[in-house]
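The values are calculated or read from the model by the stated rules, or taken from the named source; none is laboratory data. As the structure is a prediction and not an experimental result, all values here were calculated from the model. Here Cβ is always computed from backbone atoms with ideal geometry, including for glycine, and neighbour counts include all displayed protein chains.
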Amino acid sequence: MRSRRLVAALLAGLVSVAMTSPASAGDRETTERSEIYSGVRVVVSVWDGVATAGVYDIEHIGDMEYVSIDGTWSVLGEGSATSGGGGMALAGWSTIDLSNKYQVRSSAGKSLLGRATRLVEVLEGDFVRSTFRFDVRTGAPLSTKIYNGDAELFRSSTMVSFGRSNLRLYRELLESGTQDIMMSIPLDSDVLPEIVAGYEVADVYETKSGGQQVFYTDGLFSFSVFTLAKNTRVSELVDADEVTIGSAAYRRFASPTVVWVTWTASDVTYVLVGDVPPDQLEAVLGELPRPSRGNFLTRWWGRMFG
């Protein structure tokens, strides 16, 4: 699969990830307001003790968010994603409520950037899985902290500046780029299950290559799994780290905001794109098709004999 098409598909995966909300019913009035704002967001994530960090310029207008990385804008929201003049749009999507494995509590938060905030904590069992500090007026997430299963901080996202949005930029970006439409289709249950480690299928889309994008969520975190033809060369992930997760080998690339994982099992190559923390990623991979044993033999033979 060539990069432009896969990039568009991965963007669609990011759209799916962006559609989840941590809000409980009592906090939706605060967290779902469609105000306009802009700012700079700093995100830091830690995988295997190695931190990755990113600084993102944000323009948020209605349900759309415009994110700039090194001067290149991507547009996410309303079921679509555009970057570099191309992208994907979902024909429709489902809403999944927060899993009952989580409990939500909220209270008045401390002021941040001179703004009144609402603190929302999401508990999983006996520990706090995530905390959010929302701007009371706009519903903007000014601070987000996600914790791994050992209660160690996994991801931190903080707005370091906050103000009004650039409406001129909004109009320009709306007029740029073309998008491919992804249509909803039934799940091929012979390839992927309906429930994975507590995540359930929300939507399934057909990709241009004839495979599927299956979007899973538990209402807090989410991921998409793309099914590709066997031995598809995912050029964006060729230099990804080879890691062992739950005794199996995968290729993984972790950005500050999402993680990409790829592997081949039987006649299918899989690409997972999501925002799940490391402990939940291991649980998810443990219930998805396992990498073929031949992958290990091929790598061993190559290392021994070139």
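General remarks:
- Among the residues of this structure, V261 does not count as one that is part of a loop (DSSP other than H, G, I, E, B), closer than 26 Å to Y147 by Cβ and not basic (K, R).
- Residue check for G274: among the small types (G, A, S) and under 27 Å from V55 (Cβ atoms): yes
- Filtering V128, V122, V104, V160 for residues that are in contact with a helix residue (DSSP H, G or I) (Cβ under 9 Å, 6 or more places away or on another chain) and either more than 22 Å from E35 (Cα to Cα) or at pLDDT 95 or above (or both) leaves a single hit, V104.
- Taken over the stretch 241-258, the criterion of being within 30 Å of D57 (Cα to Cα) and part of a strand (DSSP E or B) is satisfied by D241, R251, R252, F253, A254.
- Test: residue in the stretch 50-61 that is loosely packed, with under 15 Cβ neighbours inside 10 Å, at pLDDT below 95 and assigned to a loop (DSSP other than H, G, I, E, B): no
- Any hit, the stretch 202-221, residues being among the hydroxyl-bearing types (S, T, Y), in a loop (DSSP other than H, G, I, E, B), surrounded by 20 or more Cβ atoms within 10 Å (Cβ to Cβ) and within 20 Å of the chain's Cα centre (by Cα): yes
- Hits in the stretch 135-150 (condition: within 11 Å of P277 (Cβ to Cβ) and of a type outside the set (D, E, K, R)): I146, Y147, N148, G149
- Residue in the stretch 250-272 that is out of contact with any Ser or Thr (no Cβ under 7 Å at 6 or more places or on another chain), surrounded by fewer than 19 Cβ atoms within 10 Å (Cβ to Cβ) and among the acidic types (D, E) present: yes
- Taken across the stretch 231-240, residues that are modelled with pLDDT of 90 or more and outside any loop (DSSP other than H, G, I, E, B) do not occur at all.
- Of the residues making up the stretch 121-138, not one is more than 20 Å from the chain's Cα centre (by Cα), surrounded by 20 or more Cβ atoms within 10 Å (Cβ to Cβ) and more than 18 Å from Y56 (Cβ to Cβ).
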